[in-house]
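Below: the structure, in structure tokens.
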Amino acid sequence: MENDAEISMIKKFAENAAPESYKNLLNCFSGLGYRNATFHDFCAAQTDLLLRHDVDVSLEFALQIADIECDSGYKSTFFILMSSEFYNPASSAARAIIKKVIAMGHEIGLHFDASVYKKDLTILNAAAKQECNTLEDIIGAAIKVTAFHRPGTCYPEFLGMDMLFADRLHAYAPQFFSEKVYVSDGAGYWSHGHPLDHPAVENKTGLQLLTHPYLWVQVGTQSRTQKLDSFLGNRSAFLSREVSRNFKFYGAK
Ligand SMILES: [Zn+2]
């Protein structure tokens, strides 16, 4: 249960999170002289902006954010789950979306849910490599970076872990993750204050900006709960249509 301060931050965030405000945020960073960096050339000592998205809910929402960034001249990295109950990256609809995202110049990374496996670093490394291989087969491109899904709750040791994971970069490595270089909307509000108020902006140093597409693209929703309700309504309608398409007798019931 959230306390009053959290509820107020969630409300304020949800009221302001919209496609237009995300676009405005990017424009503000451009105006401040920020350079659009990737996980492969990010330098925390420079005015580098590293855009990351964890696709926790929907690839359709991710595509909308990819479009906004493309229009604004930005490239980012979208981290995709292989073990989600909400979307299937191997489906034909997902493949088409991922292809569009890559064609815009964005990068795809693996969003890795360690809670699916036994809590053992050797096992997790092997599992992540396997997931990367599968995702590479699906998207037809190399996966060069990973990001843990909810490491704080299932494997806090990953936060700031100074080593490669699955033989690849990971988004919580020290060069990308510390109070000095990281800001996220993961709690449904800015966990370290608004990005433009972040000390990195005042110091003109690098920033990893993590946003979750489902919080930004659903216009007309007032809270993070309503955003998830809206997603569930759309997903349920989609699944209903798929059931009717696959089982003719169901459609005729
Ligand atoms: Zn996640």
Taking the Cα centre of the chain as the origin and placing charges on Cβ (Lys, Arg +1; Asp, Glu -1), which of 230, 46, 173 is farthest toward the positive end of the dipole? 230
Cα-centre dipole for the chain with unit charges at Cβ (Lys and Arg positive, Asp and Glu negative), debye to 20: 780 debye
Find the Rg to Rh ratio for the chain, where Rh is the Kirkwood radius over alpha-carbon pairs and Rg uses the same atoms. 0.97
Projected onto the charge dipole of the range 13-219 (unit charges on the beta-carbon of Lys, Arg, Asp and Glu, signs +1, +1, -1, -1), the Cα from 62, 193, 163 with the largest positive-side position is that of 163
In nm, give the distance between the simple-model label positions of residue 232 and residue 179, each being 7 Å from the Cα along the Cα-to-Cβ direction. 3.7 nm
Restricting to DSSP H runs of at least four residues, report the calculated mean residue ellipticity at 222 nm for the chain, -39500 (n - 2.57) per run over all residues, nearest 500 deg cm²/dmol. -13000 deg cm²/dmol
Under a Cβ-only charge scheme (Lys and Arg +1, Asp and Glu -1), can you give me the dipole magnitude of the range 1-85 about the Cα centre, in debye to the nearest 20? 360 debye
Using θ = phi - 60° and the Karplus form 6.51 cos²θ - 1.76 cosθ + 1.60, what ³J(HN,Hα) does each residue of the range 190-200 get, whole Hz, x for Gly and Pro? 6, 5, 10, x, 4, x, 6, 9, 5, x, 4
The set of residues whose placed amide H lies less than 5 Å from the amide H of residue 145, leaving out same-chain residues fewer than 5 positions away, is 110
Where in the chain lies the longest segment free of GluC sites (Glu not before Pro) that are both loop residues by DSSP (not H, G, I, E, B) and have at most 11 other Cβ atoms within 10 Å? 86-178
Quick one: pull the percent of accessible area on the chain belonging to carbon and sulfur, 1.4 Å probe, ligands and nucleic acids left out. 54 percent
Amide H within-cut-off set for residue 46, under 5 Å, with H built and near neighbours excluded: 206
Counting Lys and Arg as +1 and Asp and Glu as -1 over every other residue whose Cβ sits under 10 Å from the Cβ of residue 83, the net charge comes to -3
Label point distance in nm, residue 103-residue 246, each placed 7 Å from Cα along Cα→Cβ: 2.7 nm
Where only protein heavy atoms count, and the probe is 1.4 Å, what is the accessible area per residue for the chain in Å²? 49 Å²
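The values are calculated or read from the model by the stated rules, or taken from the named source; none is laboratory data. Only a predicted model underlies this, so the values are computations on that prediction, with no experimental measurement involved. Virtual Cβ from ideal backbone geometry, glycine too; neighbours counted across all protein chains shown. The accessibility values were calculated without ligands, DNA or RNA, using every heavy atom of the protein model including side chains. Shrake-Rupley method; radii C 1.70, N 1.55, O 1.52, S 1.80 Å.
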